[in-house]
Amino acid sequence: MPKKKKNYPKNNKLNKKIESKINLLIKRGKEKGFITEDEILDLFPNIEEDIDILEKIYERLETAGIEIQSSLRWDANDEEIKKHLASIENKEIIDATQKYLIEIGKYPLL
């Protein structure tokens, strides 16, 4: 049975905006070799309201060979965290909550 075509928004401006954000994710992913869930949420804060677009993002990233990683990696070591933080574009300031989550991510759950 042929695949059913997905119904993406018909508004061309919206499509171009979505495509440009997806292309930005692909560019970032190629530079680092992966994309985090947080990076997707930064560009698409209400993505849970449009699962079709989320599927399109995942398909495009997979086609480009870019891995999507969980925002919190329990097995990350200090070097991996430092490397990831250094790779964040524009050296965004990380708030206290994010620092806390990174720190507790170093230790296994009880």
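The values are calculated or read from the model by the stated rules, or taken from the named source; none is laboratory data. Remember, predicted model here, so these are calculated numbers, not experimental data. Every residue, glycine among them, receives a Cβ derived from its backbone with ideal geometry; neighbour counts consider all protein chains shown.
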Q) Using beta carbons and a limit of 6 Å, which pairs, at least six apart or on different chains, have the first residue in the range 27-44 and on the phi < 0 side of the Ramachandran plot and the second one in a helix (DSSP H, G or I)? A) Lys32/Ser87; Ile35/Leu25; Ile35/Gly29; Leu43/Lys21
**Q.** Residues of the range 58-85 that turn out to be exposed (fewer than 10 other Cβ atoms within 10 Å of the Cβ) and modelled with pLDDT of 70 or more, as a count
**A.** 2
Q: Pick out the one residue from Glu103, Glu48, Glu55 that is loosely packed, with under 13 Cβ neighbours inside 10 Å, modelled with pLDDT of 85 or more and outside any loop (DSSP other than H, G, I, E, B).
A: Glu55
Q) Taking the range 22-37, which residues are surrounded by 14 or more Cβ atoms within 10 Å (Cβ to Cβ) and within 24 Å of Thr97 (Cβ to Cβ)? A) Leu25, Arg28, Lys32, Phe34, Ile35, Thr36
